[in-house]
1. From (1) more than 18 Å from A:F75 (Cβ to Cβ); (2) in contact with a helix residue (DSSP H, G or I) (Cβ under 6 Å, 6 or more places away or on another chain), pick out the condition that doesn't hold for B:R64.
2. From the set of residues in the range A:94-113 that are within 7 Å of another protein chain (Cβ to nearest Cβ) and surrounded by fewer than 23 Cβ atoms within 10 Å (Cβ to Cβ), which is farthest from B:N31 (Cα to Cα)?
3. Can you go through B:I98, B:I68 and tell me which one is of a type outside the set (S, T, Y) and within 26 Å of A:A129 (Cα to Cα)?
4. Does at least one position in the range B:24-35 carry a residue that is aromatic (F, W, Y), in contact with an Asp or Glu (Cβ under 8 Å, 6 or more places away or on another chain) and open to solvent by 10 Å² or more (accessible area, probe 1.4 Å)?
5. Being touching a Ser or Thr at 6+ places or on another chain (Cβ under 6 Å), assigned to a loop (DSSP other than H, G, I, E, B) and surrounded by fewer than 23 Cβ atoms within 10 Å (Cβ to Cβ), is that true of even one residue in the range A:16-35?
Amino acid sequence: MTEFTPFLSLFGGSLIGLAAVLLMAFHGRVAGMTGILSGIVPPFSNDWGWRAAFLAGAIGAPALIVMSTGYAIPFESPTPAPWLVAGGLTVGVGVTFGSGCTSGHGVCGMARLSPRSIVATFTFMASTAATVFVVRHLIGGL
Amino acid sequence: MARIVSALLIGLIFGSGIALSGMANPAKVLNFFDFAGTWDPSLAFVMGGALIVTAIGYAFVLRRGAPIFDRLFHLPTRRDLDVPLVAGAAVFGIGWGITGFCPGGAIPALGLGHGDAWLFVGSMIGGIAVARLTRHAMAVRTAADTA
């Protein structure tokens with residue numbers, strides 16, 4: 001069980017949206033984690049500076065919240081290590097061929113009503129729900 | 001320098017949003033998709049909040065001629081649907097459903113200092129690298145065939 005957190009989740013979601021708007025306003029870039037990350041994975045793109053800075057900020061943020069507010073950010077990963085590796089490889093291949101993930105397609109692309117992003121978002125949401133159903137209710141956990 | 005500081009601060013806002021919303025917590029993400037079990041609808045509020053703010057903000061920002069630190073907005077222009085898009089999205093969903101980590105949730109989760117997030121992200125970057133090199137090779141071959 002995890003606690004239902006409508007207000008905190010709405011607030012956090014709004015911050016994600018704010019970051020997406022600012023990245024477009026200042027850098028002219030889509031705030032998609034796949035696209036940002038891909039530029040610092042071989043074959044490298046030549047504009048890796050802002051990408052690395054964005055990633056450093058994103059990684060540093062939770063630590064800053066914990067240190068400055070003392071709020072213990074909930075984290076629980078129920079997946080065994082071999083499945084984390086398999087799942088990580090699967091996600092990496094999928095988002096590269098699918099040209100984006102939850103942030104790029106699900107937030108930025110959907111906000112622009114991009115047909116590709118709408119189709120991609122409905123596809124990965126359905127695929128994720130089906131996978132969770134198979135893992136939890138047909139197999140009975142990993 | 002201003003570009004780098006700006007990207008760092010925007011990354012901080014993004015990471016804070018991910019961490020506070022619950023997107024960096026795989027158990028919470030998996031529960032959102034578990035309609036038949038321990039369903040937690042929170043992530044609908046994350047997506048809703050992010051979408052509303054982005055849609056309204058983009059409408060104002062994209063009316064301007066150019067972003068502050070660049071000559072143009074780098075917006076995807078393709079509108080056609082193709083097999084890699086749909087197949088890739090479906091494959092991504094399988095990995096997301098197994099682990100509860102998506103790229104935007106997993107990167108900020110690194111900052112929480114749990115080994116699981118690092119193991120996932122390391123594997124994901126491996127997957128991205130292999131897929132990028134494969135795509136690159138396919139594009140080179142297609143170009144050679146056409147030439």
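The values are calculated or read from the model by the stated rules, or taken from the named source; none is laboratory data. Since the structure is predicted, the reported quantities are computational estimates derived from the model, not experimental observations. Counting neighbours? That spans all protein chains shown, and the Cβs are built from the backbone with ideal geometry, glycine included. Note: areas computed on protein heavy atoms with side chains; ligands, DNA, RNA excluded. Shrake-Rupley method; radii C 1.70, N 1.55, O 1.52, S 1.80 Å.
1. For B:R64, the exception is condition (2).
2. If we take residues in the range A:94-113 being within 7 Å of another protein chain (Cβ to nearest Cβ) and surrounded by fewer than 23 Cβ atoms within 10 Å (Cβ to Cβ), then A:R112 is farthest from B:N31 (Cα to Cα).
3. Every option except B:I98 fails the conditions.
4. Filtering the range B:24-35 down to residues aromatic (F, W, Y) leaves B:32-33, B:35.
Right, trim to in contact with an Asp or Glu (Cβ under 8 Å, 6 or more places away or on another chain) and you get B:32.
If we keep only those that are open to solvent by 10 Å² or more (accessible area, probe 1.4 Å) as well, we get B:32.
The answer is yes; a qualifying residue exists.
5. The answer is no; no qualifying residue exists.
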